[in-house]
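Before any comments, here is the structure.
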Amino acid sequence: MHGLFVTATDTGVGKTVLSAALLAALVAEGESPRAYKPVVTGLEDAEEIAARGPWPADHELLAMACGLTPDEVSPLRFGPAVSPHLAAKLAGVRIDPAQLLAGAYAHEGSGPLIVEGVGGLLTPLADDYSVLDLAVALDLPVAIAARPGLGTINHTLLTLRTARAAGLDVRAVVLTPWSEDASVLERSNRDTLARLGEAPVETLGRVAAPSLPELARAGGPLVRALSLHIPLDARRLA
């Protein structure tokens, strides 16, 4: 399986916009990527809906970016804005880890697979199964979406430590949204994370609207930085 697992230091950090930008950029460059976000929550939460504004729900944005249907991207969808294991319990269902893995492998194709987690690495998908467990099972390289501002150093270094302790290959930390007029604090955070985290630190600029051209423009440089292109020989074998 070729692709990337996108996680974050927390919820609401920007990992869905990052994932969608990568997908749109890959499509613009002639690839056929696929997206998988195994669980999405908050679809009926008034505050979540208001906070999105003109932006679609996560699975809808990812679907738009790569040409799938929202149901194909996220097979498990819940209304409350809570962690997946609680959302499932409130709905009277059980999330089966084997089902989550099978969903990812069902998305294999000729292009890269972008898997987006839920919240951070230790977010429980089921009572005894976390986002970290899923990432380890899929064995994809990882990108960590992180805020550029105050508090990001601690959150990001903890996430890096957790990922590496589990044996994950962290491809980069991606600070988002990144402004061309980044503050002294934000620039310092970027440099400090690269030094203390011993990881490449990339940036994703602010995406003004949920449009394919805007997403592709923002994601283009990261496709190359994260080595997401499938080599030509591998494409011929797919």
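Readers should treat all values here as calculations from the given coordinates under stated rules, not as data from a laboratory. Remember, it's a predicted structure, so these values are computed and weren't measured experimentally. FYI the Cβ positions are ideal-geometry reconstructions off the backbone, even for glycines, and counts take in every protein chain you see.
Details
- Descending by average beta-carbon neighbour count within 10 Å, the peptides 206-212, 65-71 line up as 65-71, 206-212, the highest first.
- Spin-label model distance (nm) - D181 vs L90, 7 Å beyond Cα toward Cβ: 3.9 nm
- Relative contact order computed over the chain (Cα-Cα under 8 Å; 6+ residues apart), in percent: 29 percent
- Square roots of 5 times each gyration tensor eigenvalue, C-alpha, segment 86-205, largest first, Å: 29, 16, 14
- Ranked by the mean number of other Cβ atoms within 10 Å of their residues, highest first, the peptides 28-38, 10-20 come out as 10-20, 28-38.
- Normalising the Debye intensity of segment 79-153 to I(0), with uniform scatterers on Cα atoms only, and taking log10 at q = 0.26 Å⁻¹ returns -1.26.
- Dividing the summed -39500 (n - 2.57) terms of all DSSP H runs of n ≥ 4 by the residue count of the chain sets its mean residue ellipticity at 222 nm at -13000 deg cm²/dmol.
- Expressed to the nearest 5 percent, the antiparallel share of DSSP beta bridges inside the chain is 10 percent.
- For G3, the residues whose amide H sits under 5 Å from its own are L113, ignoring neighbours fewer than 5 places away on the same chain, with H placed 1.01 Å from N.
- Protection proxy ranking, peptides 40-50, 172-182, average beta carbon neighbours within 10 Å, highest first: 172-182, 40-50
- Potential lengthening of the chain between L101 and E214 amounts to 37.6 nm, from the contour at 0.36 nm per residue minus the alpha-carbon distance.
- Calculated P(r) over Cα pairs in 10 Å bins from 0, in percent (choose from [x] 7, 31, 36, 21, 4, 0; [y] 8, 34, 39, 18, 2; [z] 7, 25, 25, 18, 12, 6, 4, 3, 1, 0), label: [y]
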